[in-house]
Amino acid sequence: AARLQGALSPRVEGAIAELMGHPPTCPHGNPIDAQSQRTRPAGIRLAEAQPGVVTILRITEEAEEDADLLVHLEQQGLVPGARATVVEVSASRDSITLDGPRGRTAMGLRPAGLIRVIAGRADPGLFHQVPERVQALWGAK
């Protein structure tokens with residue numbers, strides 16, 4: 001997205017924003033502008049979460065650089081708005097274990113530190129929903 005930003009004309013950028021419903025965040029939950037940054041909760045690092053339910057708030061820009069991590073998160077359904085249960089955080093094993101939308105998974109504390117969460121269940125209004133007209137274009141259900 002950052003590479004495309006300078007390549008898009010303001011008109012094309014505006015048309016995309018209109019089509020998508022003027023989302024306050026990118027698909028990974030990162031604020032698009034300063035206003036969104038000020039109004040969204042910061043959350044905590046997943047690596048610092050206590051056992052219990054969390055909601056994925058955002059996958060940081062640094063995490064977006066790790067293609068393997070993004071694939072793992074997508075495969076596990078650990079995307080902004082998804083709920084998971086932190087089962088165990090182990091500093092000695094440098095890992096966190098989660099029960100997520102698609103079952104149990106584990107990851108290292110370093111990558112878990114690149115994911116921001118909210119303890120408990122978050123307000124669904126925090127997460128942008130792709131407009132139905134756009135889902136229809138993609139053939140999404």
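The values are calculated or read from the model by the stated rules, or taken from the named source; none is laboratory data. Everything quoted here is computed from the prediction, not taken from an experiment. Here the Cβ is made from the backbone with ideal geometry for all residues, glycine too, and neighbour counts use every protein chain on show. Heads up: the accessible areas ignore ligands, DNA and RNA and are worked out on the full protein's heavy atoms, side chains in. Shrake-Rupley method; radii C 1.70, N 1.55, O 1.52, S 1.80 Å.
Helix 67-76 versus the longest principal axis of the chain: what is the Cα-based angle in degrees, 0 to 90, to the nearest 10?
With both axes taken from Cα atoms, the answer is about 80 degrees.
Just need the relative contact order of segment 1-83 here, percent rounded to a whole number, with Cα pairs under 8 Å and 6+ apart.
On the way: 51 pairs, mean separation 22.3, N = 83.
So the answer I get is 27 percent.
When the accessible area of segment 87-141 is computed with all protein chains present and a 1.4 Å probe, what percentage of it is carbon and sulfur?
Numbers: 1810 of 3480 Å².
Roughly 52 percent, rounded to a whole number.
Mind running the shape call on segment 55-123? Use the C-alpha gyration tensor, a ≥ b ≥ c as the square roots of the eigenvalues: rounded below 1.5 for a/c, prolate if a/b tops b/c, oblate otherwise. Spell out each step's value before the answer.
On the way: a/c = 1.35, a/b = 1.03, b/c = 1.31.
Here segment 55-123 falls in the rounded category.
Exactly which GluC sites (Glu not before Pro) in segment 1-78 are in a DSSP loop and have at most 11 other Cβ atoms within 10 Å?
Working: sites: Glu13, Glu18, Glu48, Glu61, Glu62, Glu64, Glu65, Glu74; in loops: Glu65.
In loop regions of segment 1-78 (DSSP not H, G, I, E or B), the sparsely surrounded GluC sites (Glu not before Pro) are Glu65.
I'd like to check one number: the per residue accessible area of segment 1-113, probe 1.4 Å, reported in Å² as a whole number.
Values: 6810 Å² over 113 residues.
Per residue, segment 1-113 has 60 Å² of solvent-accessible surface.
Leaving out ligands, DNA and RNA, what percent of the accessible area of segment 4-62 is carbon and sulfur, probe 1.4 Å?
Values: 2160 of 3710 Å².
Looking at segment 4-62 in its full context, I get 58 percent from C and S.
Checking a compactness column here: for the chain, what do you get for Rg(Cα) / (2.2 N^0.38 Å), N being the number of residues?
Working: Rg = 16.1 Å, N = 141, 2.2 N^0.38 = 14.4 Å.
Here the Cα radius of gyration is 1.12 times the empirical estimate.
With θ taken as phi - 60° and the coefficients 6.51, -1.76 and 1.60, list the Karplus ³J(HN,Hα) couplings across segment 11-17 in order, rounded to whole Hz; mark glycine and proline as x.
With the stated coefficients, segment 11-17 comes to 5, 5, 4, x, 5, 5, 4 Hz.
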